[in-house]
């Protein structure tokens with residue numbers, strides 16, 4: 001049974017079969033039954049604010065012009081790695097069909113970060129999507145490696161951060177990301193093996209975060225409260241320097257960072273220093 005025939009059997013309508021203008025891959029432009037379309041299991045959660053805004057715009061212009069991207073893991077089911085907010089809007093409008101560009105290749109389900117352009121991902125969303133993809137691959141392709149999916153994961157530090165956000169949705173990922181980006185690398189070996197090492201790396205970051213949180217609490221007791229305080233303390237305790245050409249390993253970096261945090265003297269810190277550092281770090285408007 002061809003994919004177009006499957007769409008018809010599932011109650012949809014294949015409208016055109018064509019080759020994309022870049023890679024000349026075969027794709028189907030079609031109307032898919034709303035009740036058979038869901039987001040991929042690895043995708044970020046819906047943003048109620050974005051759905052509300054998009055819903056208002058679609059209602060105002062009384063037109064839906066932006067098809068979703070979809071693939072089919074099995075007959076009767078269609079996943080969208082790019083278009084879940086649009087799918088949700090059509091669902092709220094009680095539409096029976098979803099305009100879609102249906103691609104035959106199943107691996108498109110793991111190309112979420114590259115495909116999803118309707119709402120920019122923040123660090124937490126990216127990290128959670130990557131670790132969800134990781135767990136999906138761990139189940140379906142256990143013999144694959146992190147390097148095999150380097151394009152889909154984008155950066156190795158998203159894997160480590162994903163593990164941390166899974167345990168703590170309020171984890172200060174933005175404060176640790178500059179350090180992680182420099183020393184976290186894709187690990188060699190199959191995914192079941194590398195996940196264990198990833199868990200160990202996440203634990204090292206978690207211990208550093210706990211030490212950092214203790215310092216923040218001590219500063220608050222001194223009356224020093226500032227949104228940039230975590231970044232300030234990390235900038236003072238990081239074992240990395242901007243000029244350093246040869247970086248230490250992940251393990252050495254976070255072992256030394258924890259040591260520096262535990263020996264950090266909050267009594268020497270003044271609010272004015274933190275405020276000045278935050279001002280210097282702020283991007284130009």
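One table, with the values for the structure above:
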| item | result |
| --- | --- |
| Estimated inter-spin distance, residue 270 and residue 50, nm [label 7 Å along Cα→Cβ] | 4.4 |
| C-alpha long axis of helix 156-167 to longest principal axis of the chain, angle in ° | 90 |
| Cβ-derived FRET efficiency at R0 41 Å, residue 5 paired with residue 168, nearest 0.05 | 0.30 |
| Separation of alpha-carbon centers, segment 135-174 and segment 26-61, rounded to whole Å | 25 |
| Degrees, to the nearest 10: 48-61 long Cα axis against longest axis of the chain | 40 |
| FRET efficiency for residue 17 and residue 123, using Cβ-Cβ distance with R0 set to 35 Å, rounded to 0.05 | 0.35 |
| Hull volume in cubic angstrom per residue (convex hull over the Cα atoms of segment 133-257) | 111 |
| Taking the chain and dividing mean pair separation by its residue count, relative contact order in percent (alpha carbons under 8 Å, at least six apart) | 13 |
| Whole-Å semi-axes of the ellipsoid equivalent to segment 3-113 (Cα gyration tensor, √5λ, descending) | 22, 16, 14 |
| On Cα atoms only, tilt of 250-262 relative to the major axis of the chain in degrees | 50 |
| Nearest-0.05 FRET efficiency for residue 107 and residue 61, computed from C-beta distance (R0 41 Å) | 0.75 |
| Packing rank of 145-151, 78-84, 133-139, where each peptide gets the mean count of other beta carbons within 10 Å, highest leading | 78-84, 133-139, 145-151 |
| Candidate values [x] 73, 66, 32; [y] 62, 55, 24; [z] 70, 47, 31, label of the one derived for Cα extents along the principal axes in Å | [z] |
| Relative contact order %, segment 3-113, counting alpha carbon pairs below 8 Å whose residues are six or more apart | 32 |
| Fully extended contour minus Cα-Cα distance, from residue 279 to residue 220, at 0.36 nm per residue | 19.2 nm |
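Values in this text are rule-based calculations from the coordinates and carry no lab data. Worth saying up front: this structure is predicted, and the values here are computed from it rather than measured. Ideal geometry is used to build each Cβ from the backbone, glycine not excepted, and the neighbour counts take in all protein chains shown.
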